[in-house]
Structure formats: C-alpha cells, structure tokens
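In what follows, a structure is listed as structure tokens, so that the remarks can point back to it.
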C-alpha cells in the first residue's frame, strides 16, 4: 500500500520549521510521497490577510526543489474558498485511489482540536495522522488523546518528535520590514523571491 503525506497550512511565508517537519515526516514515517498544500482561506482564520496564493505557492515550490518525493499542490488555492481539510483529503484520495493510505500532517495543538473540525468523524475514521510533537510538550495529553482516537476509530496515528524551531510568520514579516538578516528563516532562494517581489514590506 502506498503512503501519501499531506501537509497543509498558509505557508505565509514558508520557513525552516515547515521544511524540517515535512522532511522528517517523509523520512521517519517512510512515506512514498508528500504533498505540501497551501491554503486559500483557513477556516479558523477566515479574515487573516496573506500574501497572494501564487506567491505562497511559488515560495513553497522553491523550498522543496531538492526532494523529488515532495511536491507542492494548488488543490486548495485554485478553489479560492475556505480550505476544509476533509474536502482536500477526499479529492486526494480520489486521485490516488482507495488503496492509498493518506496521512495528514499537523502539530500537537491542531491535532488536539481535530474533533472540532468539519466532518470530524469522517476525517478521523477515514484518514491517518502524523503529529509533530515537541519533546516534553503536552506529551501526556497527546498520548491519552491519540490512544482514545485509536480505540474508537481504529486509525493510524504516528507521532514524530520534531526538533523545535522557534520561527513565526509574524517574526519573519517584522524582520523583513526592519531590514534584518533573514538567513535563519528560510533557504536563500526563498529570500531572493521575497525581496524581488517586494513581499511583506507593508504591515497588513
């Protein structure tokens, strides 16, 4: 059975925290392929202003040019509507076939709220999960929650201890506007794209 990872987010902009989590999930969980999926509009942040989808898509593509097992999908951006995970995963399953095991990749905080997401029962029952867990961070709560979901839905939940990289999109945007060194946030090619396109210079 093929294993496909799906890693969603705004990626505004994509940074080393995203990149390392994707690479670790791919290698540690032995995925055959990983799809990075920039969101059009996040359901929990519908009024959040972001860089244009085309820019976020291109930055993600630039960040993952070195691994042919990782590709960037515009499946959510081309709809230009609220990006519900269940809709995206249904479409991906239809593309890759019912025999493919699809793993949705997310962090601890998001995973602990998964039962509040759209069509949560179908989501948790029908798909597998890779949870990026920081060492020592809410471990007992995460283990108890994952154990309960496994017992109720008989699904696969894999936990990876990703190294913590303290980077936020807010910090990056502030650094860009302040003219600070950006080398610790993302690959040089992403930095060049941001500068050449004048992204994040204005506060929004």
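Readers should treat all values here as calculations from the given coordinates under stated rules, not as data from a laboratory. Nothing here was measured: the structure is a model prediction, and the numbers come from that model. Methodologically, a virtual Cβ is constructed for each residue, glycine included, from the backbone with ideal geometry; neighbour enumeration extends over all protein chains shown.
In a GNM of the chain with a 10 Å cut-off on Cα contacts, which of 76, 189, 23 has the highest mean-square fluctuation?
So, out of 76, 189, 23, the one fluctuating most is 189.
Report, in cubic angstrom per residue, the convex hull volume of the C-alpha atoms of region 127-195. Spell out each step's value before the answer.
On the way: hull volume 8.6 nm³, N = 69.
Roughly 124 Å³ of hull volume per residue.
Explain nothing, just the number: relative contact order of the chain, from Cα pairs under 8 Å at least 6 residues apart, as a whole percent.
Values: 297 pairs, mean separation 48.6, N = 204.
Across the chain, relative contact order equals 24 percent.
If one computes the Cα centroid of region 119-133 and of region 172-191, what distance in Å separates the two points?
One Cα centre to the other: 33 Å.
Given a 10 angstrom Cα cut-off, can you work out which residue in 65, 108, 88 is the most mobile in a GNM of the chain?
65
Which residues in region 101-122 place their backbone N less than 17 Å from a point set 7 Å from the Cα of residue 158 along the Cα-to-Cβ direction?
101-108
Mind checking which of 179, 17, 132 has the largest fluctuation in a GNM of the chain, springs on alpha carbons under 10 Å?
179
Quote to one decimal, in nm, the extra length available between residue 165 and residue 192 on full extension: 0.36 nm per residue of separation minus the C-alpha distance between them.
Details: separation 27, 0.36 × 27 = 9.72 nm, distance 2.16 nm.
Taking 0.36 nm per residue and subtracting the Cα distance, the gain is 7.6 nm.
Quick one: angle between helix 53-63 and the longest Cα principal axis of the chain, in degrees between 0 and 90, rounded to 10, please.
On a 0 to 90 degree scale, this one is about 80.
Can you tell me the 0 to 90 degree angle between the C-alpha axis of helix 139-153 and the longest principal axis of the chain, rounded to 10?
With both axes taken from Cα atoms, the answer is about 50 degrees.
Hey, can you rank 157-163, 66-72 by average C-beta count inside 10 Å, highest first?
Details: 157-163: 16.4, 66-72: 14.6.
The densest-packed peptide leads the list: 157-163, 66-72.
Kindly express, to the nearest 10 degrees and within the range 0 to 90, the angle between helix 85-96's C-alpha long axis and the longest C-alpha principal axis of the chain.
Compared with the principal axis, the helix lies near 80 degrees.
Which FRET efficiency value, to the nearest 0.05, do you get for residue 78 and residue 202 by plugging their Cβ-Cβ distance into 1/(1 + (r/R0)^6) with R0 = 25 Å? Working shown, then result.
On the way: r = 26 Å, r/R0 = 1.04.
With a Förster radius of 25 Å, E is 0.45.
Please give the calculated 222 nm ellipticity per residue for the chain, where each DSSP H segment of at least 4 residues contributes -39500 (n - 2.57) and the sum is spread over every residue; nearest 500 deg cm²/dmol?
Numbers: 8 runs with 81 residues, N = 204.
Helices in the chain give a 222 nm mean residue ellipticity of -11500 deg cm²/dmol.
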